[in-house]
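The values are calculated or read from the model by the stated rules, or taken from the named source; none is laboratory data. This is a predicted model, so every value here is computed, not measured. Don't worry about glycine lacking a Cβ; one is built from the backbone with ideal geometry, like all the others, and counts go over all protein chains shown. The area values use the complete protein model at the heavy-atom level, side chains included, leaving out ligands, DNA and RNA. Shrake-Rupley method; radii C 1.70, N 1.55, O 1.52, S 1.80 Å.
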Amino acid sequence: PSWTASFESRALAPATPPLTSYLLRLMTIKKSNLCFSADVTTTSELLAVAEEVGQSICLLKTHADIISDFGDRTVRGLRDIAKRKGFLVFEDRKLGDIGSTVQRQYTSGPLSIAKWAEIVNAHIFPGPSIVTALASAASDAIAVYNTAVHTVITSGEPSSSDTDNDQDKPDPNKLTRTISVPSGEKKASIVNISTTIFTRTERISPQPTPFPSMSSASPDPLKDLKAKLGPAPYLRGLLLLAQMSSEGNLLDEAYTNKCLEVARENRNFVLGFVAQRSLNTLPDDNFLVMTPGVQLPKDSETGKVSGDGLGQQYNGPRHVVGELGCDIIIVGRGILNAKDRTAEAERYRKAGWEAYEERIGL
Ligand code: BMP
């Protein structure tokens with residue numbers, strides 16, 4: 001589809017991968033094409049700001065490696081807020097190494113990105129196998145998740161006495177049988193007992209915390225959104241760094257085109273790009289473009305915001321979304337440094353959404 005097509009119609013196009021489709025539907029229902037870049041250095045700050053802006057965003061971008069106390073509390077807290085407020089999580093890790101190394105960076109170590117972030121990004125300078133390696137690691141992570149779900153269905157409700165017992169570990173044969181008979185009733189129970197599953201899986205797994213808790217006791221402020229959208233699917237996707245916002249960057253047009261080529265070869269896993277303009281040129285291209293380097297002038301100012309003195313270059317939402325065809329604006333300090341972040345996030349949401357509506361002719 002061309003970039004003048006609505007997000008809704010792009011979500012419904014038959015070839016759209018499930019994660020892209022979910023995100024496009026989320027954006028449509030929430031009327032938000034705003035990604036907040038939560039560039040903070042502690043878990044408390046991250047969770048506080050996610051609460052403050054969550055209502056206005058479709059995506060929250062992290063740099064987990066700058067969070068000094070990143071760990072289980074960070075992941076559980078963030079997943080809980082993402083679930084309650086309805087947004088996806090994007091870890092801006094910018095992977096860029098040989099396939100074998102990026103697989104480990106993605107799935108293990110203190111960050112274990114694949115466990116808690118629906119989206120991660122990568123450079124393609126190591127060559128296209130970075131993408132296939134990550135796709136394979138992602139599908140393994142999804143398989144582990146599904147195994148965990150089916151384990152509990154097979155084993156029934158945990159009792160307080162048996163959850164730490166080694167005998168509770170999944171029996172792979174049993175699991176395969178369970179997966180092959182997903183009746184309607186079983187599907188319903190998968191959703192209903194997911195809270196138990198995660199608690200239990202964490203106790204029985206050889207790894208300390210394989211998946212974040214999906215449980216939430218808090219009231220749901222976005223019930224309507226959830227009723228329309230359903231629960232977020234457990235899926236993983238990749239963005240390629242096709243262009244950068246920083247002055248003098250080396251990602252030239254040939255490199256950008258190469259990214260597009262690699263993305264087209266991996267359409268089910270690559271949901272789009274971090275770039276400064278839409279890269280969709282073929283009728284089949286339905287890649288999302290997420291664009292950093294976006295700021296609005298402050299209320300009292302009329303002037304243009306140009307940069308941060310460290311190479312960052314800023315443009316307004318109207319320019320990048322309306323004129324260059326970008327889909328999602330990524331905003332960090334524009335919101336982070338505001339006195340009232342909730343109000344500022346809402347101001348950016350509106351500006352981004354109006355630019356999108358104008359672009360599709362509404
Ligand atoms: P800010 O809006 O505060 O300038 O933050 C921009 C965010 O987007 C930062 O987290 C930065 O790492 C990221 N980013 C960028 O600015 N330009 C790029 O080309 C790619 C990025 O990921």
Of (1) within 20 Å of residue 34 (Cα to Cα); (2) open to solvent by 40 Å² or more (accessible area, probe 1.4 Å); (3) not polar (S, T, N, Q), residue 237 fails just (2)
Filter segment 306-322 for residues that are within 14 Å of the ligand (Cβ to nearest atom) and open to solvent by 30 Å² or more (accessible area, probe 1.4 Å); the one that is modelled with the lowest pLDDT is 306
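Could you pull out the residue among 342, 291, 281 that is hydroxyl-bearing (Ser, Thr, Tyr) and within 9 Å of the ligand (Cβ to nearest atom)?
Testing whether each residue is hydroxyl-bearing (Ser, Thr, Tyr) and within 9 Å of the ligand (Cβ to nearest atom) leaves just 291.
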Next item on the list: Considering every residue within segment 53-65, establish whether at least one is under 16 Å from residue 89 (Cβ atoms), touching a residue at least 60 places away in the same chain (Cβ under 8 Å), within 16 Å of the ligand (Cβ to nearest atom) and of a type in the set (Ser, Thr, Tyr).
Entry: yes
Contact list, first residue from segment 22-45 and within 16 Å of the ligand (Cβ to nearest atom), second anywhere and in a helix (DSSP H, G or I) and among the aromatic types (Phe, Trp, Tyr), beta-carbon distance below 9 Å, six or more apart or interchain, is 33/7; 33/353; 33/356; 34/348; 34/353; 36/348
Residue hits (segment 240-278; away from the ligand (no atom under 16 Å from the Cβ) and either at positive phi or surrounded by fewer than 22 Cβ atoms within 10 Å (Cβ to Cβ) (or both)) are 254, 257, 258, 260, 261, 262, 264, 265, 266, 267, 268, 269
Based on this model, can you work out whether residue 90 counts as open to solvent by 20 Å² or more (accessible area, probe 1.4 Å) and under 25 Å from residue 244 (Cβ atoms)? no
Picked from segment 323-339 (must be without any contact (Cβ under 8 Å) to a residue 40 or more places away in the chain and within 12 Å of the ligand (Cβ to nearest atom)), the residue most open to solvent (accessible area, probe 1.4 Å) is 337
